[in-house]
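Reading through the structure tokens given below for one structure.
The values are calculated or read from the model by the stated rules, or taken from the named source; none is laboratory data. The model shown is predicted, which means the values in this text are computed figures rather than measured ones. All Cβ positions, even for glycine, are placed from backbone atoms using ideal geometry, and neighbour counts span all protein chains on display. The protein model used for the area step is the full one, side chains on, heavy atoms only, and it has no ligands, DNA or RNA in it. Shrake-Rupley method; radii C 1.70, N 1.55, O 1.52, S 1.80 Å.
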Amino acid sequence: MLYIVATPIGNLDDVSKRALETLRSVDFILCEDTRVTKKLLNHFKIESKMISYHEHSKLTKMDYIAELLGNKKTLALVSDAGTPGISDPGNRLIEYLLSLMPDLEISPIPGPNAAVSALSISGFPTDEFLFLGFPPHKKGRETFFKDFATEKRTVVFYESPHRILKALEQLEKFLSPDRRLVICRELTKMFETIYRGNVGDIRSRLAESEICGEFVVVIHG
């Protein structure tokens, strides 16, 4: 059995009772960064063993994980924050394991997700939306933002503190001045900040503040 366990995106009180029970019960926890997951486990006094699995893990690591499952071990997959497999290396692992073991039992333990949390407070239509993860760092980056100009659905994507101002500069080239955005910084954390307005207004406000933490950008269709 493989459990896909959502963990807090900031506030530790957001973890579910079922998630904690699952993390306590499994043989191993597969985690993106053992140092990050260790803080969560220590906080809740969980002593399950950890195995590192991240975007740079090699095929041999995925084969080792498959071997553990083949030997009837129960595993939980977590990311550093939020729901594994969503703009996260967990999806590659799940796809690979299913290619080897089509009958593998995989159970979701749902919980926090930054994109859905941002959408829930946006006030924009959410019956349809387009989630795009992180923009490309170099190749294809301009096209990534240019495509938003004609997108009719609500768009949501993630951006790092190092690139958020550059992203807004690029968006300003293609979006009309009346196009509305919601940008969420440090969701659920002490310095959670929600910016609402057009891209130029938000860019000016961000440029005047200390830029830190991860960002979720939501654009009205």
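First compute the accessible area of the chain with a 1.4 Å probe, then give the percent of it belonging to carbon and sulfur atoms. If you can, show how the numbers build up before the last one.
Numbers: 6070 of 11960 Å².
Its accessible area is 51 percent carbon and sulfur atoms.
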Scalar couplings 3J(HN,Hα) for region 110-120 by Karplus 6.51 cos²θ - 1.76 cosθ + 1.60 (θ = phi - 60°), nearest whole Hz, x for Gly and Pro, are x, x, x, 8, 5, 5, 5, 4, 5, 4, 5
Around Y195, under 12 Å between beta carbons, what's the net of Lys plus Arg minus Asp minus Glu among the other residues? +1
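Would you mind calculating the gained length between E128 and S107 on full extension (0.36 nm times residue separation, minus the Cα-Cα distance), in nm to one decimal?
Working: separation 21, 0.36 × 21 = 7.56 nm, distance 2.55 nm.
Between E128 and S107, full extension yields an extra 5.0 nm.
Keeping all protein chains in place, calculate the accessible area per residue for the chain (probe 1.4 angstrom), answer in Å².
Numbers: 11960 Å² over 221 residues.
I get 54 Å² per residue for this part.
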Listed by chain and number, the residues whose amide H is under 5 Å from that of G197, excluding neighbours fewer than 5 places away on the same chain and using placed H, are L181
With log10 I(q)/I(0) by the Debye sum over Cα atoms at q = 0.08, 0.10, 0.14, 0.18 Å⁻¹ defined as stated, name the option among [x] -0.33, -0.51, -0.91, -1.23; [y] -0.27, -0.43, -0.90, -1.59; [z] -0.29, -0.45, -0.89, -1.40 computed from the structure displayed. [x]
State whether region 1-114 is rounded, prolate or oblate according to the following rule on the C-alpha gyration tensor (a ≥ b ≥ c being the square roots of its eigenvalues): a/c under 1.5 gives rounded; otherwise a/b larger than b/c gives prolate, and the remaining case gives oblate. prolate
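Return a whole-number percent for the relative contact order of the chain, with Cα pairs under 8 Å and 6 or more residues apart as the contact set.
On the way: 378 pairs, mean separation 47.8, N = 221.
Result for the chain is 22 percent.
Grab the beta carbon distance between S99 and A207, set R0 = 41 Å, and tell me the FRET efficiency rounded to 0.05. Spell out each step's value before the answer.
Details: r = 46 Å, r/R0 = 1.13.
It comes out at approximately 0.30.
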Karplus-derived 3J(HN,Hα), 6.51/-1.76/1.60, for each residue of region 191-199, Hz, glycine and proline x: 9, 3, 9, 10, 9, 10, x, 8, 5
So which lysines can K73 reach, going by Cα to Cα under 25 Å and dropping same-chain residues fewer than 8 places off? K17, K38, K39, K45, K49, K58, K61
Once phi for every residue in region 162-170 is put through the Karplus expression 6.51 cos²θ - 1.76 cosθ + 1.60 (θ = phi - 60°), the whole-Hz ³J(HN,Hα) values, with Gly and Pro written as x, are 6, 10, 4, 5, 5, 4, 5, 4, 5
So, with points 7 Å from each Cα along the Cβ direction, the L12-H43 label distance in nm works out to 0.5 nm
Using Cα positions and a limit of under 26 Å, work out the lysines in reach of K173, with same-chain residues fewer than 8 apart set aside. K138, K139, K146, K152
Taking the alpha-carbon distance from K189 and a cut-off under 13 Å, which aspartates and glutamates remain once sequence neighbours fewer than 8 residues away in the same chain are dropped? D13, D14, E214
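Is region 120-216 rounded, prolate or oblate when judged by the Cα gyration tensor, a ≥ b ≥ c being the square roots of its eigenvalues, rounded requiring a/c under 1.5 and prolate requiring a/b larger than b/c? Intermediate values should be presented prior to the final figure.
Details: a/c = 1.39, a/b = 1.17, b/c = 1.19.
Here region 120-216 falls in the rounded category.
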